[in-house]
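The values are calculated or read from the model by the stated rules, or taken from the named source; none is laboratory data. Keep in mind the model is a prediction, meaning the values are calculated, not measured. Reconstructed Cβ throughout: ideal geometry from the backbone, glycine too, with neighbour counts over all protein chains shown. Side chains are part of the model used for accessible areas, which takes the heavy atoms of the whole protein and leaves out ligands, DNA and RNA. Shrake-Rupley method; radii C 1.70, N 1.55, O 1.52, S 1.80 Å.
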Amino acid sequence: MASKRVHRDHTDLSTVKRHKDLDFPENTTTTTPDAINLLSLLLQCAEYVATNHLHEASILLSEISETCSPFGSSPERVVAYFSQALQARVVSTYLSRACSHLSNNPPIHHPHKIFAALQTFNSLSPLIKFSHFTANQAIFQALNGEEDSVHIIDLDVMQGLQWPGLFHILASRPRKLRSIRITGFGPSSDILASTGRRLADFAASLSLPFEFHPVVGKIGKTDPSRLGTRPGEAVVVHWMQHRLYDVTGSDLDAVEVIRGLRPSLVTMVEQELSCDDGGGCFLGRFVEALHYYSALFDALGDGLGEESGERFAVEQIVLATEIRNIVGEKKRGMMRWREELSRVGFRPVSLRGNPATQAGLLLGMLPWNGYTLVEENGTLRLGWKDLSLLTASAWQSQPSD
């Protein structure tokens with residue numbers, strides 16, 4: 001049976017720009033007429049979902065599925081994954097009405113698949129390298145060659161890919177470390193155990209005294225006594241933010257735990273994506289995410305063809321999972337940590353100077369064009385053309401009264 005078509009004007013951009021400016025970067029495929037038509041159709045569908053017109057949304061989603069593919073151009077891929085996320089939200093809403101006891105939590109890929117895809121992403125894009133390198137430089141600078149015992153609390157250690165780079169520069173210090181410890185949070189005891197073994201082997205190769213303490217769980221739901229801080233050690237808290245799964249349990253509770261630790265340094269790498277307009281508006285969150293991920297898909301497509309299996313794996317497992325989680329969120333989105341850390345008394349530590357210089361050198365050595373690096377108010381922003389993607393910042397506890 002043919003689907004009923006919902007009346008609309010594909011060339012009318014009012015739907016696309018009604019809630020937020022969606023002027024995409026120049027010289028990208030997103031500006032083609034076909035791409036504008038797809039975006040207009042997708043935004044109309046999102047409006048139907050926002051106003052609870054689920055039948056009309058389902059009709060448009062059926063038409064979108066016939067029009068675009070996750071194997072097509074960058075705009076087609078973006079629309080395909082956002083439409084899949086909308087479809088999942090519609091189905092979830094129908095099911096929750098029929099069976100109120102059912103969970104609305106979206107399914108996630110197995111951690112092994114996610115981490116393997118992130119490793120591939122690291123080889124295709126500078127985003128993860130930038131995050132690791134900038135935080136490591138900030139930590140090294142904060143230690144200032146004085147502290148001889150360091151305790152790093154990584155809120156989502158994953159496979160620990162960041163820390164061998166820090167081990168290298170710490171091993172080069174004239175004053176040798178007495179102790180370096182990492183407390184790593186994560187969702188899997190098996191992955192945490194293998195991460196600890198790899199890091200211990202690497203540290204041993206550099207003659208660094210190293211301990212790894214795995215914590216299966218989330219910082220916001222953890223008793224601070226489990227973190228085992230010791231007198232005289234410099235405590236560093238680190239998080240590279242993502243939307244693949246819930247890391248903190250509660251952002252506000254996590255901030256309170258961190259404040260209680262009084263760390264020497266907090267390093268944050270945040271996505272420039274609030275997923276919340278302050279009032280929990282779904283449509284505003286959707287449009288912001290559409291803008292953001294369009295830039296990410298365009299960046300990947302700039303260096304890889306449509307047939308690339310690596311590109312497809314990253315888009316399907318990493319980016320599509322984040323999109324689904326954002327679109328499926330039915331409560332307040334993730335907070336901006338920089339604002340919250342400032343509110344509870346942390347003061348910013350500028351990344352201008354050596355961290356900024358080193359980050360610029362790193363970006364210049366990598367084989368990707370179109371990425372930009374901007375220093376702003378002591379933070380470092382990595383972007384794709386005219387859109388900021390990640391912001392790195394560092395923070396210190398205020399001195400005790």
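List of remarks:
- Carbon + sulfur, % of accessible area of region 213-264 - ligands and nucleic acids excluded, 1.4 Å: 52
- All other residues whose Cβ lies under 15 angstrom from that of Arg178 are scored, Lys and Arg at +1 and Asp and Glu at -1, for a net of 0.
- Rounded to the nearest Hz, the phi-derived 3J(HN,Hα) couplings of region 289-299 under the Karplus curve 6.51 cos²θ - 1.76 cosθ + 1.60 (θ = phi - 60°) are 5, 4, 4, 5, 6, 4, 5, 5, 5, 5, 5, where x marks glycine and proline.
- Per-residue Karplus couplings for region 129-135, computed as 6.51 cos²θ - 1.76 cosθ + 1.60 with θ equal to phi - 60°, are listed in order as 4, 4, 4, 5, 5, 5, 5 Hz, Gly and Pro entered as x.
- For Thr372, the residues 5 or more places off, or on other chains, whose built amide H falls under 5 Å of its own are Gly383, Trp384, Lys385.
- Counting only DSSP beta bridges with both residues in the chain, the antiparallel share comes to about 50 percent.
- Geometric extent, Cα atoms of region 107-228 - Rg, Dmax (angstrom): 14.8, 49
- Computed on region 362-401, the Cα convex hull volume stands at 81 Å³ per residue.
- Taking the inverse of the mean 1/r over every pair of distinct Cα atoms in the chain gives a Kirkwood hydrodynamic radius of 22.5 Å.
- Cα-centred dipole magnitude for the chain, charges only on beta-carbon of K, R (+1) and D, E (-1), debye, nearest 20: 1000
- Taking the square roots of five times each eigenvalue of the Cα gyration tensor of region 308-358, the equivalent ellipsoid has semi-axes of 32, 23, 5 Å, listed largest first.
- Cα gyration tensor shape for region 175-220, rounded if a/c is under 1.5, else prolate or oblate: oblate
- The residues of region 212-316 present an accessible area of 36 Å² per residue when probed at 1.4 Å with all protein chains retained.
- Whole-percent pair-distance distribution, where bins are 10 Å wide, for the alpha carbons of region 179-256: 16, 46, 32, 6
- Phi angles across region 300-314 convert, under the Karplus curve 6.51 cos²θ - 1.76 cosθ + 1.60 with θ = phi - 60°, into 3J(HN,Hα) values of 5, x, 5, x, 9, x, 5, 8, 5, x, 5, 4, 4, 4, 5 Hz, Gly and Pro given as x.
- Along its first, second and third principal axes, ordered by size, region 263-392 spans 47, 42, 25 Å in Cα coordinates.
- Once C-alpha pairs closer than 8 Å and six or more residues apart are averaged by separation and normalised to the residue number of region 131-235, the relative contact order reads 32 percent.
- Carbon + sulfur, % of accessible area of region 288-345 - ligands and nucleic acids excluded, 1.4 Å: 43
- Extension gain for Ser188 to Arg230 (0.36 nm times residue separation, less C-alpha to C-alpha distance): 12.5 nm.
- Ligands, DNA and RNA are left out, and with a 1.4 angstrom probe the accessible area of region 106-179 is 39 Å² per residue.
- In degrees, nearest ten, helix 189-205 long axis to first principal axis of the chain (Cα): 40
- Net charge contributed by nearby residues that have their C-beta within less than 13 Å of Asp148 (K/R +1, D/E -1): +3
- For region 33-87, the fraction of 1.4 Å probe accessible surface lying on carbon and sulfur atoms is 52 percent.
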